[in-house]
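The values are calculated or read from the model by the stated rules, or taken from the named source; none is laboratory data. These numbers were taken from a predicted model, which means no experiment stands behind them. Here the Cβ is made from the backbone with ideal geometry for all residues, glycine too, and neighbour counts use every protein chain on show.
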Amino acid sequence: MRPSPTPSPTPTPSTLPAVGSTQETRDDDSVSKISALRIRSLKPISKALSRPGHEYLAFDVKLCVPENTREPVTAFAAPWMLSFADDSTTMASIASPSWFDVPIYPQVQAVRPGDCVRGWIPFEIPEDSEPRTLLYQPSTGNTLEWRLE
């Protein structure tokens with residue numbers, strides 16, 4: 001009788017790559033290199049864009065499609081999420097480029113092989129919350145996760 005294989009350990013926040021690193025996601029047709037470069041608090045240009053008791057936490061992210069990839073990859077903010085210690089998550093905020101004083105990650109943009117796209121992805125979160133990880137969950141391909149330090 002053969003022993004059953006040992007399951008791979010589930011990554012914990014302390015073993016995940018930190019913001020500032022690049023990871024790779026792939027599916028049957030494409031490969032993308034995804035970087036979570038920086039994290040910062042953002043203030044919208046108008047106070048009318050903020051809810052009381054909430055703040056915007058934003059990530060400078062970059063998606064690159066290697067030249068040897070067969071098809072363009074669609075970059076958009078929807079696959080990005082934040083997770084919290086209580087296992088809850090929040091999706092990226094839909095933001096107009098005019099709301100903040102930084103370049104916003106595109107809502108939808110085709111990225112050809114050999115090209116990159118970069119911008120800030122804001123998340124509106126309660127002021128007293130403590131996000132634990134940044135997640136990139138594309139509809140196909142593997143999920144990526146970065147720990148927040």
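In table form, for the structure just shown:
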item: Subset of region 97-127 (residues that are touching a residue at least 60 places away in the same chain (Cβ under 8 Å) and not in a strand (DSSP E or B)); result: Val102, Glu127
item: Of all residues making up region 79-133, the number that are over 22 Å from Gly20 (Cβ atoms) and aromatic (Phe, Trp, Tyr); result: 1
item: Residue match in region 87-110 (condition: of a type outside the set (Lys, Arg) and within 15 Å of Thr25 (Cα to Cα)); result: no
item: Unique residue being over 15 Å from the mean Cα position of the chain (by Cα), surrounded by 15 or more Cβ atoms within 10 Å (Cβ to Cβ) and either under 18 Å from Val31 (Cα atoms) or small (Gly, Ala, Ser) (or both) when the list is Val117, Val73; result: Val73
item: Test: residue in region 53-63 that is out of contact with any Phe, Trp or Tyr (no Cβ under 9 Å at 6 or more places or on another chain) and free of Cβ contacts under 8 Å to residues at least 24 places away in the same chain; result: no
item: Total residues in region 13-60, condition part of a loop (DSSP other than H, G, I, E, B) and over 19 Å from Ala75 (Cβ atoms); result: 11
item: Restricting region 133-144 to residues that are buried (at least 19 other Cβ atoms within 10 Å of the Cβ) and either charged (D, E, K, R) or outside any strand (DSSP E or B) (or both), the residue that is nearest to the chain's Cα centre (by Cα); result: Pro138
item: Scan of region 43-55 for residues that are loosely packed, with under 10 Cβ neighbours inside 10 Å and farther than 20 Å from Asp128 by Cβ, ordered by number; result: Ser46, Ala48
item: Region 99-114, subset among the hydrophobic types (A, V, I, L, M, F, W, C) and farther than 28 Å from Ser46 by Cα, residue surrounded by the most Cβ atoms within 10 Å (Cβ to Cβ); result: Val111
item: Total residues in region 111-149, condition touching a Leu at 6+ places or on another chain (Cβ under 7 Å) and of a type in the set (Lys, Arg); result: 2
item: Criterion violated by Ser46 - all others in (1) more than 16 Å from Asn142 (Cβ to Cβ); (2) modelled with pLDDT of 90 or more satisfied; result: (2)
item: Answer residue from region 28-42, given it is out of contact with any Lys or Arg (no Cβ under 8 Å at 6 or more places or on another chain) and surrounded by fewer than 14 Cβ atoms within 10 Å (Cβ to Cβ) and is farthest from Pro97 (Cα to Cα) among those; result: Asp28
